[in-house]
Amino acid sequence: QVQLVESGGGLVQAGDSLRLSCAASGLPFNSYSMGWFRQAPGKEREFVGAINDASTYYADSVRGRFTISRDNAKNTVYLQMNSLKPEDTAAYYCGGTRNSGEVLRSAFAYPYWGRGTQVTVSS
C-alpha cells in the first residue's frame, strides 16, 4: 500500500521560510519521480516543482525561491520555500509517479498523492 505523508506546513509571515517534507512508503522510492503541487480554495491544483534522479522542474512562480530535493535513504522529498508571499497560501500536496520529463508538470501524471499540508502566508 502506497502512502505519502506531507508535513511541515504552518502559518508564517511574508518573507519567511518553511520546509515541507513528504515521506513515502510502499513504493520503490529510488525509481519514482516526486512532485509538489498546491491548491488554493476555488482553484485548480497547480504544479510547484518535481524531481527525479537527474533533473528538477519548477513553476515560474516559484523558481528562485523554492528548492526541491530528495533523500533516497529516507524515502523523503523536501520542498524548501523561501521568501514566501501571501499568494503562496494553499494546501501543498506531494505526488509520486514512474513518469519523467516535462509530463511531471501535470497532476494527471501522478497516480499517488498525499493528503496535503496547509501553508498560510500572512502579509
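The values are calculated or read from the model by the stated rules, or taken from the named source; none is laboratory data. Here the structure is a predicted model, which means the values were calculated and not measured. Counting neighbours? That spans all protein chains shown, and the Cβs are built from the backbone with ideal geometry, glycine included. Ligands, DNA and RNA are excluded from the accessible area calculation, which covers all protein heavy atoms including side chains. Shrake-Rupley method; radii C 1.70, N 1.55, O 1.52, S 1.80 Å.
All conditions in (1) hydroxyl-bearing (Ser, Thr, Tyr); (2) in contact (Cβ under 8 Å) with a residue 40 or more places away in the chain; (3) farther than 16 Å from residue 120 by Cα hold for residue 69, with the sole exception of (2). Screening region 37-104 for strands (runs of 3 or more DSSP E) wholly inside it with 1 or more residues that are crowded, with 16+ Cβ neighbours inside 10 Å and polar (S, T, N, Q) returns the ranges 66-71, 76-81, 90-97. Of all residues in region 107-122, how many are open to solvent by 40 Å² or more (accessible area, probe 1.4 Å) and touching a residue at least 24 places away in the same chain (Cβ under 8 Å)? Matching residues across region 107-122 total 6. Report whether or not residue 23 is open to solvent by less than 40 Å² (accessible area, probe 1.4 Å), assigned to a strand (DSSP E or B), aliphatic (A, V, I, L, M) and at pLDDT 95 or above. The answer is no for residue 23.
The selection criterion, being modelled with pLDDT under 95 and of a type in the set (Asp, Glu), holds for residue 53.
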